[in-house]
Amino acid sequence: AIDVIGQLRLGSAVPVLASIADQQKERTELRIAAVAALGSIGDGRATDALWVLMTGDSVDVAAVARRALDQAKTYPRAAVAAVGDGELPIERRAMAARLLGNAPDARAFDVLISALNDPGQELLESVITALSRFTEPSYLERMTRLLASTGDAGRRTRVGVALALANMRSEAERRIPHPIGILANIESPRGLRLATEIASAHPRVVGLQLGL
């Protein structure tokens, strides 16, 4: 029955499914089925519930909740505040940033741009990954303007990498086949590693020029 609820995407069932998934006394298999159904429903209430379940008592339930969130077409409301919450573990903040890329909108964009100032490398990588999904022309234009106006070299590099990735994704969506190179000022070994991984992971990047 739970599987059918998920297949039918019955949003009205979200509170019941969330309750089942959160009950320690329930069988793990049943709890996981409820989480999977929440993932199939995938609306705002479902992703809010999955965000809570991600830090619950069961490792197995939490793992399924994380996978469901990664595949969702929206993001939990709590993720907006979580990105900048220095009291949260960096792993949770990084996941929150990544999830904001699931549904690129103005609120998520502003949060991610602000997070580019954070010193945490794991968070920054998630922020850049999320920004790469903002492929609408208005967001590409905003990142281009930000790149031109940013004085800090480190922030400029992060914006540049995010913009390059977003342009690649945009062109792939529009089926533009020509190759792209990246020109960036990389000022740290971690930055070099990130840029190199980005370049080597994308088949259309034919050159990476580094200003060291």
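The values are calculated or read from the model by the stated rules, or taken from the named source; none is laboratory data. Fair warning: this is a prediction, and the values are worked out from it, not measured in the lab. FYI the Cβ positions are ideal-geometry reconstructions off the backbone, even for glycines, and counts take in every protein chain you see. Note: areas computed on protein heavy atoms with side chains; ligands, DNA, RNA excluded. Shrake-Rupley method; radii C 1.70, N 1.55, O 1.52, S 1.80 Å.
What do you reckon, is ARG77 touching an Asp or Glu at 6+ places or on another chain (Cβ under 9 Å) and open to solvent by 40 Å² or more (accessible area, probe 1.4 Å)?
Numbers: touching an Asp or Glu at 6+ places or on another chain (Cβ under 9 Å): yes; open to solvent by 40 Å² or more (accessible area, probe 1.4 Å): yes.
Considered against the rule, which asks whether it is touching an Asp or Glu at 6+ places or on another chain (Cβ under 9 Å) and open to solvent by 40 Å² or more (accessible area, probe 1.4 Å), ARG77 comes out as yes.
Within the set VAL64, VAL59, the sole residue that is free of Cβ contacts under 8 Å to residues at least 12 places away in the same chain and either open to solvent by 50 Å² or more (accessible area, probe 1.4 Å) or over 24 Å from PHE134 (Cα atoms) (or both) turns out to be VAL59.
Does ARG142 meet the test of being assigned to a helix (DSSP H, G or I), modelled with pLDDT of 55 or more and within 22 Å of LEU99 (Cβ to Cβ)? First the steps, then the outcome.
Values: assigned to a helix (DSSP H, G or I): yes; modelled with pLDDT of 55 or more: yes; within 22 Å of LEU99 (Cβ to Cβ): yes.
Yes; evaluated as a whole, the condition is true for this residue.
Just checking: which of the helices (runs of 4 or more DSSP H) contained wholly in the stretch 38-123 hold 2 or more residues that are under 21 Å from ILE5 (Cα atoms)? Give the derivation first.
Numbers: elements: 44-53, 59-71, 78-82, 90-100, 106-115.
Passing ranges, in order: 44-53, 59-71.
Here is a list: ASP57, ASP48. Which entry is charged (D, E, K, R) and modelled with pLDDT under 95?
Result: ASP57 is the single residue among ASP57, ASP48 that is charged (D, E, K, R) and modelled with pLDDT under 95.
Looking for something over 21 Å from PRO119 (Cβ atoms), in contact with a His (Cβ under 7 Å, 6 or more places away or on another chain) and modelled with pLDDT of 55 or more - is there at least one such residue anywhere in the stretch 155-171? Yes, because at least one residue in the stretch 155-171 is over 21 Å from PRO119 (Cβ atoms), in contact with a His (Cβ under 7 Å, 6 or more places away or on another chain) and modelled with pLDDT of 55 or more. Under the condition of being among the aliphatic types (A, V, I, L, M) and open to solvent by 20 Å² or more (accessible area, probe 1.4 Å), the residues counted in the stretch 42-56 number 1. When residues in the stretch 1-29 are screened for being surrounded by 13 or more Cβ atoms within 10 Å (Cβ to Cβ) and either aliphatic (A, V, I, L, M) or in contact (Cβ under 8 Å) with a residue 40 or more places away in the chain (or both), 10 of them pass.
Condition check for ALA36 on (1) of a type in the set (A, V, I, L, M); (2) open to solvent by less than 40 Å² (accessible area, probe 1.4 Å); (3) touching an Asp or Glu at 6+ places or on another chain (Cβ under 9 Å): one failure, at (2). The set of residues from the stretch 108-130 being closer than 12 Å to VAL83 by Cβ and surrounded by 21 or more Cβ atoms within 10 Å (Cβ to Cβ) comprises ALA108, LEU112, ALA115, LEU116, LEU123, LEU124, SER126, VAL127, ALA130.
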